[in-house]
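Chemist: Sharing a structure below in structure tokens format, with a few things to ask.
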Amino acid sequence: CIRDRYMNALVIGGGGFLGRHVVRKLRNRGDRVRVLGRRAYLDLAVQGVECCCADISDVEALIAACAGMDAVFHIAAKVGIWGSRQDYYQTNVIGTKNVIAACRRTGVKRLVYTSTPSVVYSDKPIEGGDESLTYASRFLCHYAATKAEAEQDVLAANQPGVLRTCALRPHLVWGPGDTNLLPRLLARSRSGRLYRIGEGRNLISVSYVENIADAHIAACDRLGDDSAVVAGKAYFVNDPEPVHAWDFIDLILRSCGCPVPRRSLPFWLAYAIAACFEAIYAAAGWRQEPLLTRFLVLQLATSHWFKCERAQREIGWQPAISQEEGLRRLSAELSAKLGELPPA
């Protein structure tokens, strides 16, 4: 859409990996940005970003943060593949209901929700999936189950003239500033606990973080259009071409100066081990994540890639950064961080 003025935007989860990129891009184009997170972000505050320190379980704090906002980006979530259902439900479902209620109470007109392709994934490969896929009938982790429920709440809240909503489903977001996927991958590589699982030729979708931030902002702008074709819909957003999972993992590891895994496990054995781990951890009441889970094995060994043509067509979004350029930027960030470390 054509913007005739700046936008007042609240980014819930603006201190996180994707959230920081959304904040930076909004600021760069002149929008006024407010961030809500569970702690203070002094680095954002000194850049002129208004920071509110609160949890999304606090409805009154959400209402105060939403006041005066044109749009809300709801990026915050409890991520991971292990833990109690109540913890995931409280943040991902109840927290999202609170966000919707706060938007309605304060007259916010646009809500962009960050979802996940896991809402349509059970245990079968997905090749070239699109928005015609239905929600999964069963889930292998509480994260996926609660995100599916929250996404449906967001889309059901769409009400023309009151609150326009949409959901974006980025898959395996990567790039500079990663605080989730990359640190876990590097930690396993450096400790020698990273095994190749399966034959290694499975195709997956990945999502470079700056492209996904652009998709969020483009979706928000489209929600402000008179036609609002995106309102009430969910979209897959990821790098256009799928990659072979282990080829891409090797590229990431090499760009970070880490060894690539040499040992491997057949899929059937890894899945059986993961099921045993889950049973033992559940019986013992251990809260830490097992070394292997069935969901992780499936993610590493089966195909799960998605088409993003509908997002490109209806949102008007085009991924601007290639995977090659993304890897270059990631490597440059890591090199700079290493250069800041004191000599041993």
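The values are calculated or read from the model by the stated rules, or taken from the named source; none is laboratory data. Predicted model, so just to flag it, every value in this text is computed and none were measured. Every residue, glycine among them, receives a Cβ derived from its backbone with ideal geometry; neighbour counts consider all protein chains shown. We work out accessible area using only protein heavy atoms, side chains counted, and drop any ligands, DNA or RNA first. Shrake-Rupley method; radii C 1.70, N 1.55, O 1.52, S 1.80 Å.
Chemist: Evaluate the following for G326: is it surrounded by fewer than 18 Cβ atoms within 10 Å (Cβ to Cβ) and either within 30 Å of C166 (Cβ to Cβ) or not aromatic (F, W, Y) (or both)?
Modeler: No; evaluated as a whole, the condition is false for this residue.
Chemist: Touching a His at 6+ places or on another chain (Cβ under 8 Å) and not aliphatic (A, V, I, L, M): is that true of R85 in this structure?
Modeler: For R85, the condition - touching a His at 6+ places or on another chain (Cβ under 8 Å) and not aliphatic (A, V, I, L, M) - is met.
Chemist: Could you figure out which of (1) basic (K, R); (2) within 20 Å of L18 (Cβ to Cβ); (3) open to solvent by 60 Å² or more (accessible area, probe 1.4 Å) isn't true of K124?
Modeler: Tallying (1) basic (K, R); (2) within 20 Å of L18 (Cβ to Cβ); (3) open to solvent by 60 Å² or more (accessible area, probe 1.4 Å), K124 fails exactly one: (2).
Chemist: I need the full set of residues from region 128-155 which are among the charged types (D, E, K, R) and at pLDDT 95 or above, in order please.
Modeler: D130, E131, K147, E149, E151, D153
Chemist: Restricting region 258-299 to residues that are out of contact with any Leu (no Cβ under 8 Å at 6 or more places or on another chain) and among the β-branched types (V, I, T), which is least open to solvent (accessible area, probe 1.4 Å)?
Modeler: Residue satisfying both the conditions and the ranking: V297.
Chemist: Are there any pairs with C-beta distances below 8 angstrom linking a residue in region 266-280 that is part of a helix (DSSP H, G or I) to a residue that is at pLDDT 95 or above, with the two at least 6 apart or on different chains, and if so which?
Modeler: Hits for this filter: zero, empty list.
Chemist: If only one of I217, I321 is in a helix (DSSP H, G or I) and of a type in the set (A, V, I, L, M), which one is it?
Modeler: Of I217, I321, the one residue that is in a helix (DSSP H, G or I) and of a type in the set (A, V, I, L, M) is I217.
Chemist: Then there's this: Mind listing whichever residues of region 182-203 are part of a loop (DSSP other than H, G, I, E, B) and either among the small types (G, A, S) or open to solvent by less than 50 Å² (accessible area, probe 1.4 Å) (or both)?
Modeler: Within region 182-203, G192, L194, G198, G200, N202 meet the criteria.
Chemist: Let me ask something else about it. The conditions are (1) open to solvent by less than 50 Å² (accessible area, probe 1.4 Å); (2) closer than 30 Å to D153 by Cα; (3) not polar (S, T, N, Q), and D250 fails exactly one of them. Which is it?
Modeler: Of (1) open to solvent by less than 50 Å² (accessible area, probe 1.4 Å); (2) closer than 30 Å to D153 by Cα; (3) not polar (S, T, N, Q), only one is false for D250: (2).
Chemist: Right, here's the next one. Evaluate region 145-161: report whether one residue or more is touching a Gly at 6+ places or on another chain (Cβ under 6 Å) and open to solvent by 30 Å² or more (accessible area, probe 1.4 Å).
Modeler: Yes: one or more hits.
Chemist: Looking at region 108-121 only, could you name the residues that are open to solvent by less than 20 Å² (accessible area, probe 1.4 Å) and touching a helix residue (DSSP H, G or I) at 6+ places or on another chain (Cβ under 6 Å)?
Modeler: V108, L111, V112, Y113, S115, T116, S118, V119 - these are the residues of region 108-121 that are open to solvent by less than 20 Å² (accessible area, probe 1.4 Å) and touching a helix residue (DSSP H, G or I) at 6+ places or on another chain (Cβ under 6 Å).
Chemist: Taking the condition out of contact with any helix residue (DSSP H, G or I) (no Cβ under 9 Å at 6 or more places or on another chain) and part of a loop (DSSP other than H, G, I, E, B), does R262 pass?
Modeler: Yes.
Chemist: If I filter region 158-181 down to residues being β-branched (V, I, T) and part of a loop (DSSP other than H, G, I, E, B), which single residue comes out as farthest from E325 (Cα to Cα)?
Modeler: My answer is V162.
Chemist: For residues that are in a helix (DSSP H, G or I), of a type outside the set (D, E, K, R), open to solvent by 30 Å² or more (accessible area, probe 1.4 Å) and over 18 Å from C220 (Cα atoms), tally how many sit in region 18-45.
Modeler: Result for region 18-45: 2.
Chemist: Still on this structure, please answer the following. Name the single residue, out of those in region 46-76 being farther than 17 Å from A102 by Cα and in a loop (DSSP other than H, G, I, E, B), that is nearest to the chain's Cα centre (by Cα).
Modeler: V49
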